Amino acid sequence: MRKNTLPYLLLPLSFVAILGAACQQQTDEEKTIASTHPKLEEHLQRDTVRMPITSEENPELYQRYRLRMEAYQSDEAFRVQETYQGRLAPLDEASHAEARKYRSALQEGLKQGINFAGQYTVVTVGCGTTCQEHYVVDRQDGKVLDKVQSSTGAQFSPDSRIFIVNPPDSSHNYVDCPYCEPAAYVLEQGKFRKLPQGQ
């Protein structure tokens, strides 16, 4: 008597069909997640964890810089109580390696008189696009003591030892312009010392 083997042949085929349907169902589900959550899919595909600050957050960054710089400028510990009243010395060209190179610009700048920290004249010399170098000259002896570089200018006063590089400006986008970041320096014993950024 011949046995009917057809049911046994159909079993493997049914199993393959079930697996195929399951895989197809999974693929459909994945496509559904991608299509209904495109932003999530895009986020998962990113190869970096750094999230830039958006333009809407830039005003907050400006306010943080502004408050920090104002705190330094108003600190009485950096206040100069007296201004030098004696004869203003001419430029000492031998006091700095770049004094002769920028002699004309420095001599012209000294005509401003004392404009920083009670006895100094800051002379600004351009060094290219978005680049300025600020030289500090002691008006008691004419020596060039130090210099500091900026990208968007500087802020200082005759009655304070605080020197602000790249003063806070609400028109700057600090995300796209990292070299515009403000910084504060204090003049100590004829040299600039950079103050902590976190204060």
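The values are calculated or read from the model by the stated rules, or taken from the named source; none is laboratory data. Because the structure is a prediction, the values reported are computed rather than measured. All Cβ positions, even for glycine, are placed from backbone atoms using ideal geometry, and neighbour counts span all protein chains on display. Note: accessible area is taken over every heavy atom of the protein model, side chains too, but ligands, DNA and RNA are not part of it. Shrake-Rupley method; radii C 1.70, N 1.55, O 1.52, S 1.80 Å.
Hey, can you tell me all the residues within segment 125-151 that are at pLDDT 95 or above, within 26 Å of Leu61 (Cβ to Cβ) and assigned to a loop (DSSP other than H, G, I, E, B)?
Of everything in segment 125-151, those that are at pLDDT 95 or above, within 26 Å of Leu61 (Cβ to Cβ) and assigned to a loop (DSSP other than H, G, I, E, B) turn out to be Cys131, Ser151.
Here are some residues: Arg193, Arg139. Which one is of a type outside the set (A, V, I, L, M), on the phi < 0 side of the Ramachandran plot and crowded, with 18+ Cβ neighbours inside 10 Å?
Being of a type outside the set (A, V, I, L, M), on the phi < 0 side of the Ramachandran plot and crowded, with 18+ Cβ neighbours inside 10 Å holds for just one of Arg193, Arg139, which is Arg139.
Can you confirm whether segment 174-181 contains a residue that is modelled with pLDDT under 95, assigned to a loop (DSSP other than H, G, I, E, B) and buried (at least 20 other Cβ atoms within 10 Å of the Cβ)?
Looking for residues that are modelled with pLDDT under 95, assigned to a loop (DSSP other than H, G, I, E, B) and buried (at least 20 other Cβ atoms within 10 Å of the Cβ), one finds at least one in segment 174-181, hence yes.
Can you name the number of the only condition in (1) under 16 Å from Val165 (Cα atoms); (2) open to solvent by 50 Å² or more (accessible area, probe 1.4 Å); (3) without any contact (Cβ under 8 Å) to a residue 40 or more places away in the chain that Cys131 fails?
(2)
Could you tell me which residue of segment 89-127 is farthest from the chain's Cα centre (by Cα), considering only residues that are under 19 Å from Arg161 (Cα atoms) and open to solvent by 60 Å² or more (accessible area, probe 1.4 Å)?
Here the answer is Gln112.
Go through segment 69-87 and count every residue that is surrounded by 11 or more Cβ atoms within 10 Å (Cβ to Cβ), without any contact (Cβ under 8 Å) to a residue 60 or more places away in the chain and not in a helix (DSSP H, G or I).
Count: 2.
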